[in-house]
Structures are given as C-alpha cells and as structure tokens.
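Working notes, beginning with the structure itself.
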Amino acid sequence: MENNLVNLHIHEPSGEVRDIQAPTDMSLSLMEILKSEGYPIQATCGGMALCATCHIRVLEGFEQLPEAQEGELYMLDTLFNVDDTSRLSCQIRISPELEGLHLELMGD
C-alpha cells in the first residue's frame with residue numbers, strides 16, 4: 001500500500017481478475033468504489049443494507065474484514081446464493097486492512 005491506497009482484486013465472471021485501487025482516507029464504502037469503477041451495482045437503498053444489490057463473495061482476505069452487523073446479517077439471510085464469505089459491499093469501509101482483498105460480485 002502506498003499513498004493511502006489499497007489494492008483490490010475483482011474476479012470477473014469471465015475468469016479475468018481486475019485490479020483496482022481505492023483510497024483509504026475518504027471514508028468510502030467498497031460499494032462506492034465498485035460503482036465508480038463501472039460495476040453494475042444498483043444500490044437502490046443508497047447503501048443502507050436494505051436491498052442486497054451490492055452482495056459480494058470474498059475469495060481471499062475475509063478475515064481482514066470487520067464483523068458484519070445485525071442489519072447486514074439480516075439482509076444476507078434473505079438471499080439464496082449466500083455462503084460464509086458473503087458480505088454487502090455497502091457495509092465495508094475502505095481501510096488499510098483491505099489490502100489485497102479478492103472478491104466477486106454476486107448481485108441481488
């Protein structure tokens with residue numbers, strides 16, 4: 001990590017891995033970064049953990065994330081394609097701890 005940036009690795013449906021960088025000093029959510037990179041996240045709830053259109057699966061680095069809170073866990077519990085590494089990207093703030101995170105977008 002340099003200059004307050006973390007490197008994130010997005011696994012595309014094609015199998016390609018796209019590397020992006022995100023600033024750690026702007027209090028942005030992972031969802032906001034993904035949307036700014038052109039990923040088709042609807043975020044109809046505005047990042048309030050109410051729509052699950054920002055559902056991701058963490059492939060590497062799950063242990064680096066802060067624990068999910070009750071509202072996020074409740075929303076994840078309503079989805080059919082959830083596993084133990086599922087999270088809502090709107091509930092994850094970009095921080096130095098996310099360096100090297102590998103994820104894939106699951107949608108709603």
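How much accessible area per residue does region 26-108 have, in Å², with a 1.4 Å probe?
Values: 4450 Å² over 83 residues.
It amounts to 54 Å² per residue over region 26-108.
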> Helix-derived [θ] at 222 nm for the chain: sum -39500 (n - 2.57) over DSSP H runs of at least 4, divide by residue count, nearest 500?
Replying inline: -3000 deg cm²/dmol
>> In the chain, once you exclude exposed GluC sites (Glu not before Pro) (DSSP loop, at most 15 other Cβ within 10 angstrom), what's the longest stretch remaining?
In response: 68-98
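Quote to one decimal, in nm, the extra length available between L50 and N81 on full extension: 0.36 nm per residue of separation minus the C-alpha distance between them.
9.5 nm
Run the accessible area of the chain with a 1.4 Å probe and give the carbon-and-sulfur part as a rounded percent. Could you put the intermediate results ahead of the total?
Numbers: 2910 of 6050 Å².
On the chain, the fraction of accessible area on carbon and sulfur atoms equals 48 percent.
Chymotrypsin sites (Phe, Trp or Tyr not before Pro), restricted to region 1-100: which are DSSP loop and have at most 12 other Cβ atoms within 10 Å? Walk me through the intermediate numbers first.
Details: sites: F62, Y74, F80; in loops: F80.
Sparse-neighbourhood loop chymotrypsin sites (Phe, Trp or Tyr not before Pro): F80.
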>> If I build a Gaussian network model for the chain, linking alpha-carbon pairs within less than 10 angstrom, which residue out of Q42, Q69, Q21 has the largest mean-square fluctuation?
In response: Q69
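Need one number: % antiparallel among DSSP beta bridges in the chain, to the nearest 5. All intermediate terms of the calculation are to be shown ahead of the outcome.
On the way: 15 of 18 bridges.
Of the beta bridges lying entirely in the chain, close to 85 percent run antiparallel.
Rounded to the nearest 0.05, what FRET efficiency do Q42 and I20 have when you use their Cβ-Cβ distance and R0 = 30 Å?
Working: r = 19 Å, r/R0 = 0.65.
Here the calculated transfer efficiency is 0.95.
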>> Please list, in order along region 85-96, the HN-Hα scalar couplings obtained from phi with the Karplus expression 6.51 cos²θ - 1.76 cosθ + 1.60 (θ = phi - 60°), rounded to whole Hz, x for Gly and Pro.
In response: 10, 7, 8, 9, 5, 5, 9, 10, 7, 5, 8, x
> Which whole-number percent is the relative contact order of region 1-52 (Cα, under 8 Å, 6+ apart)?
Replying inline: 23
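The values are calculated or read from the model by the stated rules, or taken from the named source; none is laboratory data. Since the structure is predicted, the reported quantities are computational estimates derived from the model, not experimental observations. Because the Cβ atoms are built from the backbone with ideal geometry, glycine has one as well, and the counts that use them run over all protein chains shown. The protein model used for the area step is the full one, side chains on, heavy atoms only, and it has no ligands, DNA or RNA in it. Shrake-Rupley method; radii C 1.70, N 1.55, O 1.52, S 1.80 Å.
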